[in-house]
1. Give the residues of the stretch 1-40 that are assigned to a strand (DSSP E or B), open to solvent by less than 10 Å² (accessible area, probe 1.4 Å) and either under 15 Å from His75 (Cα atoms) or not small (Gly, Ala, Ser) (or both), sorted by residue number.
2. Of the numbered conditions (1) at pLDDT 95 or above; (2) under 20 Å from Ala280 (Cα atoms); (3) open to solvent by less than 60 Å² (accessible area, probe 1.4 Å), Arg185 fails exactly one; give the number of that condition.
3. Consider Val142 against the criteria (1) touching a Leu at 6+ places or on another chain (Cβ under 7 Å); (2) open to solvent by less than 30 Å² (accessible area, probe 1.4 Å): it satisfies all of them except one. Which criterion is unmet?
4. Which condition from (1) crowded, with 18+ Cβ neighbours inside 10 Å; (2) of a type in the set (Ser, Thr, Tyr); (3) more than 17 Å from the chain's Cα centre (by Cα) is the one that Thr67 breaks?
5. Do we find a residue being in a helix (DSSP H, G or I), open to solvent by less than 60 Å² (accessible area, probe 1.4 Å), more than 21 Å from Asp242 (Cα to Cα) and charged (D, E, K, R) anywhere in the stretch 99-116?
6. Being open to solvent by less than 30 Å² (accessible area, probe 1.4 Å), in a loop (DSSP other than H, G, I, E, B) and of a type in the set (A, V, I, L, M) is the filter here, so list the residues in the stretch 243-279 that pass it.
7. Please note which helices (runs of 4 or more DSSP H) are completely contained in the stretch 129-220 and include at least 3 residues that are small (Gly, Ala, Ser) and out of contact with any Ser or Thr (no Cβ under 9 Å at 6 or more places or on another chain).
8. What single numbered condition from (1) over 27 Å from Pro243 (Cα atoms); (2) loosely packed, with under 14 Cβ neighbours inside 10 Å fails to hold for Glu91?
Amino acid sequence: MTAELNGRTALVTGASRGVGKGVALGLGEAGATVYVTGRTVTPGAGPMGLPGTIGETADEVSRLGGTGVAVRCDHTDDGQVEAVFERIDRERGGLDLLVNSVWGGYERMFENNEYTWPFPFWKQPVWRWDAMFQAGVRAHYVAGALAARRMVARGAGLIVNISYWAAQKRMGNVAYGVAKAATDRMTSDMAAELAPHGVAVISLYPGLVRTESVMRAAEFLDLGNSESPRFIGRAVAALASDPGVMKRTGTVCVAAALAREYGFGDIDGRQPVPLSLEDA
């Protein structure tokens, strides 16, 4: 299956780098106009000095055949988020696809020279919980509500919430698991309310993605079944171009499983093996 999204408009939140950037690029190669948001506008200014800016993402989207539009946005500021949607209304007259990839809580993995990510909840810094819910779950909720108003009026649309297996098993820390579980439940409940209006909502799980932060630790990882960031973008593009996508609304989808069903591969031609709850 070759996804064709010419003439379609997408918004990908948190697209400076990582999975969000990969989603934007996958939509770009399918021909979509992709608005990409993020706070990073200066190279190297991201968390832990990671490379990537929204401008670079937008340029790559355009080089791949789509149209990339970079919009600086702090998704913890509702006014800035509303302004993004209003701009899309003015420039494109509507929105076909929202991908919620923005997330918080990955900043400052080290505090006082200690790696705090795996700490038990009573030793976790409280800011991590707040970041995951403010810049993650709440940000998805706000953008989802703004997108839904527009999609309901048109009687069509797709909202994809990027989530992960931590919603279903313990991975990392309590805050991470609770936040991802909240994301999946939000998907399910949003889908129930939007189904009568022809709008689909899906939670999408990547596998091990070769993001910038993952590649910094590549020597310690088995990347044999890993995915390029663009792979999950191809999964989103396949969903968005599927006229029967409503049959999936309210469900959790795994990018690698979608690849087998829709018949697309990664940028190197490989098809990663879909992870299960047991081996995630």
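1. As a first pass, look at the stretch 1-40 and keep what is assigned to a strand (DSSP E or B): 9-13, 33-38.
This time we only want the ones that are open to solvent by less than 10 Å² (accessible area, probe 1.4 Å), so: 9-13, 34-38.
Thr9, Leu11, Val12, Thr13, Val34, Tyr35, Val36, Thr37, Gly38, listed by residue number.
2. The single condition Arg185 does not satisfy is (3).
3. Of everything listed in (1) touching a Leu at 6+ places or on another chain (Cβ under 7 Å); (2) open to solvent by less than 30 Å² (accessible area, probe 1.4 Å), Val142 misses just condition (1).
4. Single failed check for Thr67: (1).
5. Keep residues of the stretch 99-116 that are in a helix (DSSP H, G or I), which gives none.
No, the conditions are met nowhere in the stretch 99-116.
6. Hits for the stretch 243-279: nothing passes.
7. Working: elements: 138-154, 174-194, 212-216.
Counting at least 3 such residues, we get 138-154, 174-194.
8. Just one mismatch for Glu91, condition (1).
The values are calculated or read from the model by the stated rules, or taken from the named source; none is laboratory data. What you are looking at is a predicted structure, and each value in this text was computed from that prediction instead of being measured. Neighbour counts run over all protein chains shown; Cβ positions are idealised from the backbone, glycine included. Quick note on the areas: whole protein, heavy atoms, side chains included, nothing else; ligands and nucleic acids left out. Shrake-Rupley method; radii C 1.70, N 1.55, O 1.52, S 1.80 Å.
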